[in-house]
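A.B. asks: Please see the structure below; I have some questions.
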Amino acid sequence: MSKINVMLVEDHNVFREGLKKLLDMEDNIAVVAEADTYKDALQNVRENVDVILLDINLPDGDGLELCSIFKERYPHIKHVALTTYDDAIFIKKAMESGVDGFVPKHAFFDEIKSAILMTYKGRSYLYPGLSSDTLMNLSGPGLSDSELQILQMLASGKNQKEVADELYISLSTFRRRIKSAFKKLKVSTVEEALTVAIKKGLIR
């Protein structure tokens with residue numbers, strides 16, 4: 001039986017090395033490439049990789065952006081996101097970027113192994129330990145493109161009027177969209193919204 005070739009992209013060395021040892025003990029899995037940064041991942045990826053275990057929060061770049069690049073260059077490779085975030089908005093964003101599976105870092109090794117096996121077979125994988133609230137919210141709306149655009153522009157230092165003018169919308173439309181984003185992010189101020197969105201990798 002041929003082995004599933006796995007690449008590990010994880011900036012925490014102890015976690016990556018421990019996971020590599022566990023995966024190498026499996027008869028049907030082989031770790032064939034590793035990286036601890038965005039840049040190294042671009043350089044070290046191989047054509048023969050089947051599944052990438054990808055840390056979303058890399059020190060020098062966005063893991064979701066990296067996933068999108070790999071999906072375009074190597075459409076056969078499956079991606080499993082490894083992250084500390086497990087809320088519905090983040091999971092939706094990850095899936096839109098091309099992630100095939102999602103496993104939080106606190107999951108047991110068997111769950112990580114299951115994610116590798118299932119995504120390799122062409123199936124999506126959601127960590128079964130997700131809260132009922134998260135699973136319910138996955139069927140609801142995530143942040144829209146316009147809401148993300150507004151948050152990104154606010155994060156760049158623009159004020160409300162500047163954002164509204166640049167997007168050719170009224171201030172009332174701006175306020176309606178930002179309130180919608182607040183509700184989805186479960187915050188009540190722009191500062192809180194930007195903090196949450198940046199931490200989740202939704203904006204930079």
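The values are calculated or read from the model by the stated rules, or taken from the named source; none is laboratory data. In this text the structure is predicted, and so the values were computed from the model without any measurement. As a convention, Cβ positions derive from the backbone with ideal geometry for all residues, glycine included, and neighbour counts pool all protein chains shown.
A.B. asks: Yes or no: the range 173-196 includes at least one residue that is over 16 Å from SER144 (Cα atoms), surrounded by fewer than 19 Cβ atoms within 10 Å (Cβ to Cβ) and at pLDDT below 90.
C.D. replies: Taking every residue of the range 173-196 in turn, none turns out to be over 16 Å from SER144 (Cα atoms), surrounded by fewer than 19 Cβ atoms within 10 Å (Cβ to Cβ) and at pLDDT below 90.
A.B. asks: Out of the residues in the range 10-21 that are within 19 Å of LYS78 (Cβ to Cβ) and out of contact with any Asp or Glu (no Cβ under 6 Å at 6 or more places or on another chain), state the one that is surrounded by the most Cβ atoms within 10 Å (Cβ to Cβ). It would help to see each step written out before you state the result.
C.D. replies: At the first step, the residues of the range 10-21 found to be within 19 Å of LYS78 (Cβ to Cβ) are 10, 16, 19-20.
Checking which are out of contact with any Asp or Glu (no Cβ under 6 Å at 6 or more places or on another chain) leaves us with 19-20.
Values: LEU19: 21, LYS20: 16.
So the residue we want is LEU19.
A.B. asks: Given ASP50, ASP55, which one is of a type in the set (Asp, Glu), under 18 Å from ALA115 (Cβ atoms) and modelled with pLDDT of 95 or more? Before the answer, list the steps.
C.D. replies: Numbers: ASP55 fails: modelled with pLDDT of 95 or more.
Selected residue: ASP50, the only one of ASP50, ASP55 that is of a type in the set (Asp, Glu), under 18 Å from ALA115 (Cβ atoms) and modelled with pLDDT of 95 or more.
A.B. asks: Let me ask something else about it. Kindly indicate whether any position in the range 13-31 is without any contact (Cβ under 8 Å) to a residue 60 or more places away in the chain, in a loop (DSSP other than H, G, I, E, B) and of a type in the set (A, V, I, L, M, F, W, C).
C.D. replies: Among the residues of the range 13-31, at least one is without any contact (Cβ under 8 Å) to a residue 60 or more places away in the chain, in a loop (DSSP other than H, G, I, E, B) and of a type in the set (A, V, I, L, M, F, W, C), which makes the answer yes.
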